[in-house]
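Asker: Got a structure for you, written out below as structure tokens; questions coming shortly.
The values are calculated or read from the model by the stated rules, or taken from the named source; none is laboratory data. On a predicted model such as this, the values are computed, not experimentally measured, just so you know. Cβ: placed from backbone, ideal geometry, glycine included. Neighbour counts: every protein chain shown.
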Amino acid sequence: MAYLTKLQVIERANGQQQFYLICPAPLAQALEMNKGETLEWVVEDKWTLKLRRGEARSAQASVRSHGKR
């Protein structure tokens with residue numbers, strides 16, 4: 001299943017731009033993603049990006065198991 005999203009750009013007063021890609025909620029839920037999870041963008045070519053989860057997922061699970069958060 002595919003989910004569409006639009007690239008958002010915020011223009012800062014100092015001339016800098018900040019780009020945002022929003023992950024649709026159904027996709028995040030299907031992947032069991034959590035707030036604050038580390039993700040890595042991998043550029044394969046001009047048309048292909050891969051998104052990898054960081055190792056922090058296992059660390060987050062241990063923090064949650066101790067009731068902190």
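Asker: Restricting attention to region 1-36, which residues are among the aromatic types (Phe, Trp, Tyr), assigned to a strand (DSSP E or B) and surrounded by 10 or more Cβ atoms within 10 Å (Cβ to Cβ)? I'd like the intermediate steps shown before the answer.
Answerer: Start the filter on region 1-36 by keeping residues that are among the aromatic types (Phe, Trp, Tyr), which leaves 3, 19-20.
Of the ones still in play, those that are also assigned to a strand (DSSP E or B) are 19-20.
Tyr20, the sole residue that qualifies.
Asker: Another one. So, in region 37-58, of the ones that are at pLDDT below 90 and exposed (fewer than 11 other Cβ atoms within 10 Å of the Cβ), which residue ends up nearest to the chain's Cα centre (by Cα)?
Answerer: Glu55
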